[in-house]
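In what follows, a structure is listed as structure tokens, so that the remarks can point back to it.
Coordinate-derived values only; no laboratory data. For clarity, every value in this text was computed on a predicted model and none was experimentally measured. Every residue, glycine as well, gets a Cβ built from its backbone with ideal geometry; the counts of neighbours run over all protein chains shown.
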Amino acid sequence: MKATDTAQGERFEIREGRPGTGLGLYATEDIKKGDFILEYTGKKIPTKVADEMDEARYLFEVDEKWTIDGEHESNTARYINHSCKPNVEAEVHDGHILITATRGIKAGEELGIDYGEEYYDEFIKPGGCKCAAKK
């Protein structure tokens, strides 16, 4: 399965990650530090509604009022797995969640982002972190 960025061709590949992590997003070409990677997309829902959802794993809070539910498979950014030593970060600009590289990323390298303390404690910690970062 390939994920594409129409502006730059096929920049990513969605494939099986490390054991226990499911699918991951991998660079198919080198990416420079500071480069825009892609946008986290999905349905915009009130944050109050998002806070009441059980078992939702693809929620990304934009602000106190709005959250993006990125569960749909067309949201390529949803395949970025957690990393304790991330190589990408998310920033919110005008209601859009933009993913950028925090360091150079080599072709074949998995993209990883810090999911944050709340998500980590609720979903990752109980089963143990499976990211590639050395602890």
Pair residue 32, residue 89: separation of 7 Å Cα→Cβ label points (nm)
1.9
With respect to the cross-link table entries 85/125; 44/125; 48/125; 33/106; 44/130, which display a Cα-Cα separation exceeding 18 Å?
44/125; 48/125; 44/130
Rounded to the nearest 0.05, FRET efficiency between residue 96 and residue 119 (Cβ-Cβ, R0 30 Å) equals 0.90
Local electrostatic count, residue 82, Cβ distance below 9 Å [Lys/Arg +1, Asp/Glu -1]:
0
Please list 118-130, 58-70 highest first by mean number of surrounding beta-carbon atoms within 10 Å per residue.
58-70, 118-130
So the FRET efficiency between residue 107 and residue 52, C-beta based with R0 = 41 Å and rounded to 0.05, is 0.50
Computed Kirkwood radius, in angstrom, where 1/r is averaged over Cα pairs of segment 77-124
11.6
Here Rg/Rh (Cα, Kirkwood) for segment 46-119 equals 0.97
I need the per residue convex hull volume for the chain, using only the alpha carbons, in cubic angstrom as a whole number.
112
When we measure straight from the Cα of residue 43, which aspartates and glutamates land under 18 angstrom away, once same-chain ones fewer than 8 places off are left out?
51, 52, 54, 55, 61, 63, 64, 69, 71, 73, 91, 94
